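*Asks:* Shown below is the structure under consideration.
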Amino acid sequence: MPTMETAGSFLPIIAALPFLGALLPGLMIQAGRNTCTAFTLAPTVLALLLLLISAPAVMRGEVLLFRLDWLPALGLNVTFMLDGLGLLFAGLILGIGVLIILYARFYLSREDPMGQFFTYLLLFQGAMVGIVLSDNVLLLLIFWELTSLSSFLLIGYWKHLPEGRQGARMALVVTGLGGLSMIAGMLILGNVVGSYDLSVILTQKEAIQASPMYLPALILILGGAFTKSAQFPFHFWLPHAMAAPTPVSAYLHSATMVKAGLFLMARMWPVLAGTPEWFYLVATTGLVTMVIAAKIALYKDDLKALLAFSTVSHLGLITMLLGFGTKMAAVAAVFHIINHATFKAALFMTAGIVDHAAHARDIKRLGGLRRLMPVTFAIATVGALSMAGIPLLNGFLSKEMMLEEAAHTVWAHSHWVVPVLATLGAVFSVAYSFRYIVHVFLGPERTDYPSKPHDPEFGMWAAPGFLVVLVVAIGVAPVLAEPLVKATAASVTGGGLPDFHLKIWHGVTPALYMSAVAVAGGALLLAFHAPLMRLWLATPRPEAKTMFDAVTRAATLAGRGFTDSLHDGALSRYAGIFTVTVLGAGVFAWTGGASLPATRAPLPVALLPAVGWVLLMVATFALVAFHRNRLMALVLMGIVGLIVSLGFIYLSAPDLALTQISVEVVTIVLMLLALNFLPHRTPAESGPAKRFRDAVVSIAGGVAVAGLTYAILLRDFAAESISAFHLDKSYKGGGGTNVVNVILVDFRGFDTFGEIIVLGIAALVIFALTDAVLRGPGGRWLTSWDPVGDEAGDRHPLMMVVATRVMMPIALMVGVYIFLRGHNDPGGGFIAGLIVAIAFLMQYMASGFAWAESRQRVTYHVTIGFGVLIASLTGIGAWFAGRPFLTSDYGYITIPPLEKFEWATAMAFDTGVFLTVVGAVMLALNSLSSMARRTGETVNIFPMDINPARSDDDDDGEGEGEGGR
Amino acid sequence: MLADILISAFLVVSGVFGLTGSFGLIKLPHPMMRLHAPTKATTLGVGGALIASMLFFHFKLDQFSFHELMIALFLFMTAPVTGLFIAKVHLHRNETPDTLPPTSTDRPWASYESDAERAKIEEAREAD
């Protein structure tokens, strides 16, 4: 017998298996559909086995726990718990999952991408198992949102159908919004209790119900549960989600996802239930949902829509039972969850079979299938009769218990409201269940089926067949389900269950009368279905989809209006809002706090900085004056950049200066390329008033920054600076004397790691954007683009080509030098990367991009990828030494002819930085030049346009010293 | 003493040519003429300063300074290319093929020969 410790350790594996397994089907589809199905079944069956191994302990009343501290500071820990309720739901999810996978194997046609489907299905399965096993509320919320996302993928699986896409979106919006509300509610609850662990929360009933935050928390949590379980008025998404393939409907919308809301209500039952607020909110919602949805279901012609509304109705029934707040009602709820899952999943599958065989789901086009599809008929009949609540089937047992509970429930001092409405719901339920049998399978055989109906192969009816066997078995011998119901109900109610036995015959009770009325009334309703249907069609009723569309459209418009008023794509507005906000914050901080007195005297102005300052000011004012001339603006910006780099040198920051100047060169070259496609002058788009306003804002911003800088420069730091630490540890800890470089690759290596990834992503985004522009109208515009003025001949002059070729090795050598000395002297991978990129850039400027690129063997995407990869591997390397990610190491080695020199793992990391920078810059250049080629710019065959060597005699067609490919 | 005089002399030469170059840049009437003036400043002006610097390091600090040679090399490589491009821009902005002096061959100035024309001529030449 496994001890509690080892049994508990299965829990994370059970939750993780479907997620890990989700990787398999997508790959295994290459090996065929059967293999793919087998690899989807494997993780599910394995998880189910692990669950069954843990089951005996749970049935004895133990609670298995697994705990792993993740982010204890946030109260977010990976804690799993398995009690009766969790066992029931996990069993349903995995057990029905196995059946659904089998069924889907035969349901999906050859054109459907099966690997994708099973991957989504396993993701969903994992999320659901995660919900029911979580012991931590925050973890539960994460899984909760994951079910919304994965069900979105599943509902929208047939992407080519607009109904599928719209249904998926609607489900995501409704359940996602509910999830948000639940997050708020759960956070309140956790705040009240002081812990986010469910096992702790569940013991704090008095504290929670006494808290003034009880009602808000209750409403918010119910918001999540009601949306997920499609309770009125949020029920409308479920019928629209029926656009999904039938296995999805059977799995998500009858057995699992929609029951997540019920699970949550059952989970929180011990602490939330028992108050009048709970009773009126939950029981009323459940009752209303049950009756309304049952009524709608009767008038639906689409088989799946009928089943969808019947599901909503049954979910309402269970919600109502949970809402009653008595222990026996909770028992009935648990029992009905089991029964509903069995017969409804079977019914959905038969609907899928009928659809598959007859190519029609519309009841009007069906009828008389009894003899054509005898097996399906048998399965569907048992399922539907159970749904109607006919004795000897499991639906009867739980429905009796429900009616029994309803019979003595008092609602607002009225003894008859609940029993009468519950009976009414049961009447409709019987009517639509009978209709499913009578209008589809009975009646005369027809000749106009879209396709000749026939029973499917065994694999397709095996799963529903197995389920109806369960339906009958529990119906005849309810004792079979009793232990599970007892264990589950015990954990729902928190123990102290009255002694009860599930049995068929309770004697002549009010419930029996109500049942009889329901069956008779249902049969009567069906007999008068045709005239009632005409009446139904004639009465106007609100259409949920149009209302939903109107609301989402209004929300989108409002959101867009709000966003556009702040950020309409005009840089000036964006910058203006930013500046004003920062100014406001600055003024608030300045007036709100105290500032220290000035402690430093200003230094006298030396000649050199004064010259630089004057140049800076002149360039800036000139930029303001001439900014409409774009080329001039670029030149002036170059001046500003140069002065800034000189400033860095003057202030003893050679690393920054090197970076600044190389970035400056690259930027100016790239901007020159971009400028090629822009008008030469910026048109004046704003009037004088607007310009005056902008001027005021920018001057205020500039003055504020200058003032702040001046104030800071006159004071010592309020707190001790970290520089001393860096200077102290740089050589001893990081093995380098260049503190800037050691900070980049060691102290803040993780930052740099993130930055190069961002840089790589940015370059790829530029590439993707350019690609998208060239495919769209922008590309057509470029094709017809006529450059202003005539183009110069001899664009690749001999002098330039020769000069750049001569400089190339020198520039590369400088790059290597800067790279190698980086750890101890100014330099490093980033600067070296820019220098090497500039060396390549020169070749492109001299001989044209296409010519140079065709001589490059490695693509830039690969360069970026390798850069990030090398940096990651270096970081991972530290693990082998048993140290945290990116810990660096260094030492000294001597190779005989050379002097002793230092090695450092930071060097490998720096190589990653270097490659990423080179790749990113070159990819950006590539993107811009691909625009030029789209305008029809010719690709030169020769490295230079006029080559005296070529015209003398017939050489090999290449320039001197240039090796061809 | 001699070294001091030598260094000073090169500095003076450098200053004079630098001034001349700058003065020419302002004073000369035509862009193509103006292109000439700064070349004096870059070659002789900067060159003088570089030689002075090398002498200073050699005689005064007793070490060989290599940097000046590199600076000279880069100047010699970049100045002509810059000049060429400035001239090309000038041709395209201010002149037309008709206002330019003839090239004394049957081909126009390189900057006014389109890719297609040049390809045709070269093809014909290769066919010979």
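Bear in mind these aren't lab numbers, they're just calculated from the coordinates by the rules spelled out. Computed from a predicted structure; not experimentally measured. Positions of Cβ are backbone-derived with ideal geometry, glycine not excepted, and every protein chain shown enters the neighbour counts.
*Asks:* Would you please state which residues of the range A:15-44 a label at A:HIS160 would reach in this model, taking the label point 7 Å out along Cα→Cβ and a backbone N cut-off of under 11 Å?
*Replies:* So the set is empty, nothing qualifies.
*Asks:* Still on this structure, I have one more. Using 0.36 nm per residue, how much length does the chain from A:VAL605 to A:HIS359 gain when fully extended, once their Cα-Cα distance is taken away?
*Replies:* Residue separation times 0.36 nm, minus the Cα-Cα distance, leaves 79.7 nm.
*Asks:* What lysines could a cross-link reach from A:LYS503, if we take a straight Cα to Cα line under 21 Å and drop same-chain neighbours fewer than 8 places away?
*Replies:* Correct list for A:LYS503: A:LYS327, A:LYS399, A:LYS486.
*Asks:* If N is the number of residues in the range A:717-845, what value comes out of its Cα radius of gyration divided by 2.2 N^0.38 Å?
*Replies:* Compared with the compact-globule rule of thumb, the range A:717-845 sits at 1.56.
*Asks:* Moving to a separate point now. For the pair A:VAL517/A:TRP781, report the inter-label distance in nm, with labels modelled 7 Å from Cα in the Cβ direction.
*Replies:* According to this spin-label approximation, the distance is 7.2 nm.
*Asks:* Starting at the first residue of the range A:707-720, write each ³J(HN,Hα) from the Karplus equation 6.51 cos²θ - 1.76 cosθ + 1.60 with θ = phi - 60°, in whole Hz, x for Gly and Pro.
*Replies:* Ordered by residue, 3J(HN,Hα) equals x, 5, 4, 4, 4, 5, 5, 7, 10, 7, 5, 5, 10, 5 Hz.
*Asks:* Something else: Stokes-Einstein diffusion coefficient for the range A:738-965 at 20 °C in a medium of 1.002 mPa s, Rh from the Kirkwood formula over Cα pairs: what value in µm²/s?
*Replies:* It diffuses with D of about 107 µm²/s by this estimate.
*Asks:* Additional query: Say R0 is 30 Å: what FRET efficiency, to the nearest 0.05, do A:LEU49 and A:GLU111 get from their beta-carbon distance? Before the final figure, lay out the partial values.
*Replies:* On the way: r = 34 Å, r/R0 = 1.13.
E between A:LEU49 and A:GLU111, to the nearest 0.05, is 0.30.
*Asks:* May I pose another question? What is the distance, in nm, between label points placed 7 Å from the Cα along the Cα-to-Cβ direction at A:LEU23 and at A:TRP505?
*Replies:* 5.9
*Asks:* Fewest first, what order do A:LYS732, A:LYS503 take by the number of other Cβ atoms within 10 Å?
*Replies:* A:LYS732, A:LYS503
*Asks:* Compare the peptides A:655-665, A:754-764, A:329-339 by average per-residue count of other Cβ atoms within 10 angstrom and give them in order, highest first.
*Replies:* With the highest mean Cβ count within 10 Å placed first, the list reads A:329-339, A:655-665, A:754-764.
*Asks:* Magnitude of the Cβ-charge dipole of the protein assembly as shown, K/R +1 and D/E -1, about the Cα centre, nearest 20 debye? Write out the running numbers ahead of the final one.
*Replies:* Working: 68 positive and 73 negative charges, 725 e Å.
Its charge dipole is roughly 3480 debye.
*Asks:* Sticking with this one: Can you work out ³J(HN,Hα) from phi for every residue in the range A:224-238, in order, using Karplus 6.51 cos²θ - 1.76 cosθ + 1.60 and θ = phi - 60°, giving whole Hz and x for Gly and Pro?
*Replies:* Each residue's phi maps through the Karplus curve to give x, 5, 5, 5, 5, 8, 6, 8, 4, x, 9, 6, 5, 6, 5 Hz.
*Asks:* List, in order, the whole-Hz ³J(HN,Hα) value for each residue of the range A:900-917 obtained from phi through the Karplus relation with A = 6.51, B = -1.76, C = 1.60 and θ = phi - 60°; use x for Gly and Pro.
*Replies:* Running phi through 6.51 cos²θ - 1.76 cosθ + 1.60 with θ = phi - 60° gives 4, 9, 9, 10, 8, 5, 4, 4, 5, 4, 4, 4, x, 4, 4, 5, 4, 5 Hz.
*Asks:* Within 10 Å of each Cβ of B:114-124, how many other protein chain Cβ atoms are there on average?
*Replies:* Average neighbour count from other chains, rounded to a whole number: 3.
*Asks:* Right, something else. State the extension gain, in nm to one decimal, for the chain segment bounded by A:VAL765 and A:ASP694, taking 0.36 nm per residue of separation less the distance between their alpha-carbons.
*Replies:* 22.4 nm
*Asks:* So what is the relative contact order of chain B, in percent, for Cα pairs below 8 Å that sit 6 or more residues apart? Kindly include the intermediate steps, with their values, before the conclusion.
*Replies:* Numbers: 92 pairs, mean separation 26.4, N = 128.
Taking the mean separation of contacting Cα pairs over the length of chain B, I get 21 percent.
*Asks:* Still on this structure: Relative to the first principal axis of the alpha-carbon coordinates of chain A, what is the inclination of helix A:33-59, with its axis defined by its Cα atoms, in degrees from 0 to 90 and to the nearest 10?
*Replies:* 60
*Asks:* Shifting gears a bit: Hey, if you drop one equal point scatterer on each alpha-carbon of chain A and run the Debye formula without solvent, what base-10 log of I(q)/I(0) do you get at q = 0.05, 0.07 Å⁻¹?
*Replies:* The computed values of log10 I(q)/I(0) come out as -0.46, -0.81.
*Asks:* By per-residue mean of other Cβ atoms within 10 Å, what is the highest-first order of A:797-808, A:451-462, A:594-605, A:418-429?
*Replies:* Highest mean packing first, the order is A:418-429, A:797-808, A:451-462, A:594-605.
*Asks:* Now for a separate question. Can you find, among A:ILE292, A:ALA308, A:GLY325, the residue sitting farthest towards the positive end of the charge dipole of the range A:265-365, where Lys and Arg contribute +1 and Asp and Glu -1 at Cβ?
*Replies:* Checked the options; the winner is A:ALA308.
*Asks:* Picking from A:VAL382, A:TYR157, A:HIS415, whose Cα lies most toward the positive end of the charge dipole for chain A (charges on Cβ: Lys, Arg +1; Asp, Glu -1)?
*Replies:* Looking along the dipole axis, the top candidate is A:HIS415.
*Asks:* Can you give the calculated 222 nm mean residue ellipticity of chain A, where each DSSP H run of n ≥ 4 adds -39,500 (n - 2.57) and the sum is split over every residue, rounded to the nearest 500 deg cm²/dmol?
*Replies:* Value at 222 nm, helices only, nearest 500: -23000 deg cm²/dmol.
*Asks:* What ranking, highest mean first, results for peptides A:351-364, A:709-722, A:517-530 when packing means the other Cβ atoms within 10 Å averaged over each residue?
*Replies:* Going by the mean number of other Cβ atoms within 10 Å, highest first, we get A:351-364, A:517-530, A:709-722.
*Asks:* Something else now. Tell me, A:TYR103, A:TYR299, A:TYR892 in order of fewest to most beta-carbon neighbours within 10 Å?
*Replies:* Ascending Cβ contact count within 10 Å gives the list A:TYR892, A:TYR299, A:TYR103.
*Asks:* Right, here's the next one. Using the crude model of +1 on Lys and Arg Cβ and -1 on Asp and Glu Cβ, and no other charge, please compute the dipole size for the range A:1-195 relative to its Cα centre, in debye to 20. List each step's numbers first, then the result.
*Replies:* On the way: 8 positive and 9 negative charges, 100 e Å.
Dipole magnitude for the range A:1-195 comes out near 480 debye.
*Asks:* Tell me what chain B gives for mean residue ellipticity at 222 nm when only DSSP H runs of n ≥ 4 count, each as -39,500 (n - 2.57), the sum divided by the residue total, rounded to 500 deg cm²/dmol. All intermediate terms of the calculation are to be shown ahead of the outcome.
*Replies:* Working: 6 runs with 86 residues, N = 128.
That comes out to -22000 deg cm²/dmol.
*Asks:* Sticking with this structure for a sec: What is the mean number of Cβ atoms from other protein chains located within 10 Å of the Cβ atom of each residue in peptide A:794-800, rounded to a whole number?
*Replies:* 5
*Asks:* Any idea how far apart A:MET799 and A:GLU720 come out in nm if each label point goes 7 Å out from Cα toward Cβ?
*Replies:* If labels sit at A:MET799 and A:GLU720, their model points lie 6.1 nm apart.
*Asks:* Can I ask one more? Report, by chain and number, residues whose modeled amide H sits under 5 Å from the one on A:ASN629, excluding near sequence neighbours (fewer than 5 apart, same chain).
*Replies:* Under 5 Å from the amide H of A:ASN629 lie the amide H atoms of A:THR682, each far enough along the sequence or on another chain.
*Asks:* For peptide A:198-204, what's the mean number of Cβ atoms from other chains within 10 Å of each residue's Cβ? Working shown, then result.
*Replies:* On the way: counts 0, 0, 0, 0, 0, 0, 0.
Other-chain Cβ atoms within 10 Å of each residue's Cβ, averaged: 0.
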